[in-house]
Amino acid sequence: WRVKWPRQYTVDTVVLYNRGDCCQERLIGATVRINGEIVGTVPQAEGESLMKFEFSNLDRVTRSVEVWAAEREGGEALSLAEVQVFLRRDENTKECLPTFSLVNENG
């Protein structure tokens, strides 16, 4: 999964929401990347803790954010419900960026 904007932003937080209907385990081990650098990895979890993962205080300037599936036998595709990307306007203000221009890729 990737989102790309026409200009650069300072990204503060990326929140991943897992699917609620099936395949929650597919998000385990997925990585969040900014400028090609891994800034977070979804940990092994069970039950309700599999539903939301937040990577905060990233403070990275970029035009895109990517979520890559962990490599598994069988080549299962990345499976998630929603991604929210928050930029930092100043020390006290965060704003959620639109992800309408996302490209759905299998990482």
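So that you can scan it fast, the table gives a plain yes or no per residue for (1) farther than 13 Å from GLU54 by Cβ; (2) among the β-branched types (Val, Ile, Thr); (3) touching a Leu at 6+ places or on another chain (Cβ under 8 Å):
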position: ARG2; (1), (2), (3): yes, no, yes
position: ARG7; (1), (2), (3): yes, no, no
position: ASP12; (1), (2), (3): no, no, yes
position: GLY20; (1), (2), (3): yes, no, no
position: ARG26; (1), (2), (3): yes, no, yes
position: ARG33; (1), (2), (3): yes, no, no
position: VAL39; (1), (2), (3): no, yes, yes
position: PRO43; (1), (2), (3): no, no, no
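If I go through region 1-23 residue by residue, how many of them are crowded, with 19+ Cβ neighbours inside 10 Å and either of a type in the set (S, T, N, Q) or assigned to a helix (DSSP H, G or I) (or both)?
1
Within region 51-60, track down each residue that is farther than 17 Å from ARG2 by Cβ, outside any loop (DSSP other than H, G, I, E, B) and over 10 Å from the mean Cα position of the chain (by Cα).
Of everything in region 51-60, just one residue is farther than 17 Å from ARG2 by Cβ, outside any loop (DSSP other than H, G, I, E, B) and over 10 Å from the mean Cα position of the chain (by Cα), namely LYS52.
Check off (1) open to solvent by 90 Å² or more (accessible area, probe 1.4 Å); (2) of a type in the set (S, T, N, Q); (3) at pLDDT 85 or above for GLN84 and give me the number that stays unchecked.
In the conditions (1) open to solvent by 90 Å² or more (accessible area, probe 1.4 Å); (2) of a type in the set (S, T, N, Q); (3) at pLDDT 85 or above, GLN84 misses (1) alone.
The values are calculated or read from the model by the stated rules, or taken from the named source; none is laboratory data. Predicted, not measured: the structure shown is a model, and the values here were computed from it. Every residue, glycine among them, receives a Cβ derived from its backbone with ideal geometry; neighbour counts consider all protein chains shown. With ligands, DNA and RNA removed, areas are computed over all heavy atoms of the protein, side chains included. Shrake-Rupley method; radii C 1.70, N 1.55, O 1.52, S 1.80 Å.
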